[in-house]
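Structure first, then comments.
The values are calculated or read from the model by the stated rules, or taken from the named source; none is laboratory data. Note that the structure is predicted; figures quoted are calculated from it, not measured. Note that each Cβ is placed from the backbone with ideal geometry, even for glycine, and that neighbours are counted across all protein chains shown.
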């Protein structure tokens, strides 16, 4: 009984392995990946859709089912991950199953063709020769002139010539599959240890707190300061370029500086900062006003303020920029902040006389029900309002991306070998006919792909051999042939 | 006997087609003339494109003529027309490049321009190098559809938004165009293979007519309104979204009279299937009628598609559910649009099979050779697809800080890659040859087309500018 169990387990394990390694399993898995990822592009996905839009698109019931099955976030669903793991397993199993054979083929090239191999090989040809040596020398010369490096193979009492090129091509498929696994590995590393987020900085601001996609905050061991940021426009007003001058601040020292633009990130340690947006931050950078004394005596003055800054207009009078409201509304004699969107801004200034201790409110735009601007000892006139800007940075940490890029490069190389590098082999063996005692030179060739082009090449070789065989008896017999063979 | 009968029936159908194509060219020439008169400028991009269109159409017609009649001299003129079209196309690309200051890869319009160019160039290569003379019968219609689509899309030069200012963009898109053109070529070769491989046409007829019938039936049954209108979802052009009356309830507008046309199309499209049924159960002779009905159905389908494109692309229409006029857009009716295009395409594929004639078979390379060349083009397309995806990933990493974000375009590029990977595995390890491999190549191209057009218009995503 126990023995049977062991055998059963053994056979079912073997069966499982064979199923995993079969091409059929691989193709079925690929079809599943195709179906589910297609579903992930047709069903709206939660990560890139507003909740409102989701509710518009599907009924509550349908949405509940879609959410429960994970179809609203296919690419992060556990079953999709499982599928990808199964694909990896299938690739590994298929490669492990087939690799030993291929490796044997690769590491111990088949150099001397035996009789049954010679009978079955295509293409092949037989040429009449006078003796073994002539045939071998002719074969060597012909292969040389085709750019091969022929070698003489000695097996007991037989001789042969073997030449090959691009044996590595036999391994190409494994390079391709290994590189795919490397890419998957990198992606998994990034999925587990990597993170992405955004960092919005006002000009002059320093921060190391990155807002992650799930809403959490990640504090970096260093901080980033944005010295300056800007936008250049095309003539039609659409943005041409966004740039930010960033400084990495560590232990209160500036350790690195870079002006980044879209497509050219700042890399510090393993964290990358990408320029992704730029825009007004709703804060005032500079508010310029023209001040004229109400009494009419005294000169006109041009001043500029930031929020909460106080400037003296003369020995007695000062003006303070009390408040800036990006979007205001007036109700019951009060000014409210309606939102933080810069749409309908109002500025509140306070003019103070030290001597009288009186404060005068000044509003722009003039709000007559709140304050009478003309009562102030100075008449103020706004001339310019410069808003501050923020730069939007994407921050990402992808520790696995080196595996991904290495995999991609390997994949490219592997595919180039798979499709365009042909493993070609040629054999030449002098054969003596047992009945007549005459010699013929048996020539055969094989290629692992692109066999039509190889057939042409083989025909070329045979033609060359023919030529060589005609020349050799005239040119020189064995001594010269031996030197050629030796080189 | 049967073959002799087929021979007799050919000249009439052949003539019908040539007349149709001739009319189409005359119409295009007329449009081109109007355009030149309107702009008063001969050498601008629109005119160059029109020239390319006319030459491609001419080439297509001649290739068709060759396919139908087997007159070899047609091919010479067809390649001449393709050359001329390619020259006009090159000039249009150069003009665009000069005007925009960047290679023409930044929008769907510009990519189509490059795609059509590559396709025409590859057609000539296939013809000259591999001797696949009739390849143009498949590639030229694709090129024509491409140029016609370009006329529908806007053509202003847009400056590149910051994300697109990267060398990797050009690498990515160049590779994509090369890969897609190679896929188109492999598709054309697979079709040639099916012709050469003596595939039975009747089954294909049944499948084609049933699918087109299903398309029109679903359009008519779900969208036909009283008094012959056709309901389409209203579209808000500013927000680029559908218009909702309330949660989950879309606002529909009714385009007058378009419903009648769809109804007519439904009836005409149904007729080949009826004749096929009759041929199956009563008398084989009905097959000839079924084939003619297919020609008629193509005509009506093209008309329905053209009217749909013209009327649904812009304009304001009344709605039954709300007062006032509302706009609609092709983007609001993606499934109807793709259904109509798919129907025409399927029927055209059937036409191609129908022209299988002994002399055409003689002119084509052997089916073994076609099979091998199809495989070779896919061996070219697959590494290009791989590099295209890799370059795109690298570029995305430079721009968005992430090499893979599963946006629909990316996902579909990966699906395309997987389909071709499946093809290669089946071929190399299972020895899939011939018809199954040809079906696979056709499927692969269908997926490519969906990735190229379908994703852009049907599915939302990051690739908004592509």
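Quick notes
- Meets criteria (at the interface with another protein chain (Cβ under 7 Å from one of its Cβ atoms), part of a helix (DSSP H, G or I) and more than 24 Å from the chain's Cα centre (by Cα)) for residue B:399: yes
- Scanning segment A:407-447 for residues that are assigned to a loop (DSSP other than H, G, I, E, B) and touching a strand residue (DSSP E or B) at 6+ places or on another chain (Cβ under 8 Å), we see that the one that is modelled with the lowest pLDDT is A:433.
- Qualifying residues in segment B:415-443 (those that are facing chain A (nearest Cβ under 8 Å) and under 21 Å from the mean Cα position of the chain (by Cα)) - the one nearest to residue B:201 (Cα to Cα): B:419
- Taking segment A:394-427 as the range and being over 15 Å from the mean Cα position of the chain (by Cα) and either within 11 Å of chain B (Cβ to nearest Cβ) or closer than 25 Å to residue A:197 by Cα (or both) as the test, the residues that pass are A:394, A:395, A:413, A:414, A:415, A:416, A:417, A:418, A:419, A:420.
- Near pairs, Cβ below 6 angstrom, 6+ apart or cross-chain, from segment A:22-41 (facing another protein chain (nearest Cβ under 7 Å)) to any residue that is not in a helix (DSSP H, G or I): A:41/B:459
- Residue match in segment A:185-196 (condition: surrounded by 16 or more Cβ atoms within 10 Å (Cβ to Cβ), within 30 Å of residue A:388 (Cα to Cα) and in contact with a strand residue (DSSP E or B) (Cβ under 9 Å, 6 or more places away or on another chain)): yes
- Test: residue in segment A:128-144 that is within 20 Å of residue A:457 (Cβ to Cβ), surrounded by fewer than 16 Cβ atoms within 10 Å (Cβ to Cβ) and assigned by TED's automatic domain parsing to the domain that holds residue A:448: no
- A single member of B:287, B:325, B:320, B:264 is under 22 Å from residue B:220 (Cα atoms) and modelled with pLDDT under 85, and it is B:320.
- Screening residue B:71 with (1) assigned to a loop (DSSP other than H, G, I, E, B); (2) under 28 Å from residue B:354 (Cβ atoms); (3) at pLDDT 75 or above gives one miss only, at (3).
- Flag for residue A:222 being assigned to a strand (DSSP E or B) and in contact with a helix residue (DSSP H, G or I) (Cβ under 8 Å, 6 or more places away or on another chain): no
- Across segment A:224-235, the number of residues qualifying as at pLDDT below 90 and surrounded by 13 or more Cβ atoms within 10 Å (Cβ to Cβ) comes to 7.
- Residue among B:190, B:206, B:184, B:179 that is within 14 Å of another protein chain (Cβ to nearest Cβ), under 30 Å from residue B:363 (Cα atoms), part of a helix (DSSP H, G or I) and in contact with a helix residue (DSSP H, G or I) (Cβ under 8 Å, 6 or more places away or on another chain): B:179
- Filter result for residue A:62 (part of a helix (DSSP H, G or I), within 11 Å of chain B (Cβ to nearest Cβ) and surrounded by 14 or more Cβ atoms within 10 Å (Cβ to Cβ)): no
Rundown of residues vs (1) within 21 Å of residue A:282 (Cβ to Cβ); (2) in a loop (DSSP other than H, G, I, E, B), yes/no style:
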| position | (1), (2) |
| --- | --- |
| A:311 | no, no |
| A:318 | no, no |
| A:337 | yes, no |
| A:347 | yes, no |
| A:360 | no, no |
| A:366 | no, yes |
| A:369 | no, yes |
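- If you filter segment A:42-52 down to residues that are part of a helix (DSSP H, G or I) and out of contact with any helix residue (DSSP H, G or I) (no Cβ under 7 Å at 6 or more places or on another chain), you find that the one that is farthest from the other protein chains (Cβ to nearest Cβ) is A:51.
- Evaluation of residue A:244 against the conditions (1) closer than 14 Å to residue A:392 by Cβ; (2) in contact (Cβ under 8 Å) with a residue 60 or more places away in the chain; (3) in contact with a helix residue (DSSP H, G or I) (Cβ under 9 Å, 6 or more places away or on another chain) shows that the sole unmet condition is (3).
- Conditions (1) in a helix (DSSP H, G or I); (2) away from every other protein chain (no Cβ under 14 Å): number failed by residue B:326: (1)
- Restricting attention to segment B:397-417, the residues being touching a residue at least 12 places away in the same chain (Cβ under 8 Å) and under 19 Å from residue A:45 (Cβ atoms) number 10.
- Selection over segment A:450-466 of residues that are buried (at least 18 other Cβ atoms within 10 Å of the Cβ) and in contact with a helix residue (DSSP H, G or I) (Cβ under 8 Å, 6 or more places away or on another chain) gives a count of 3.
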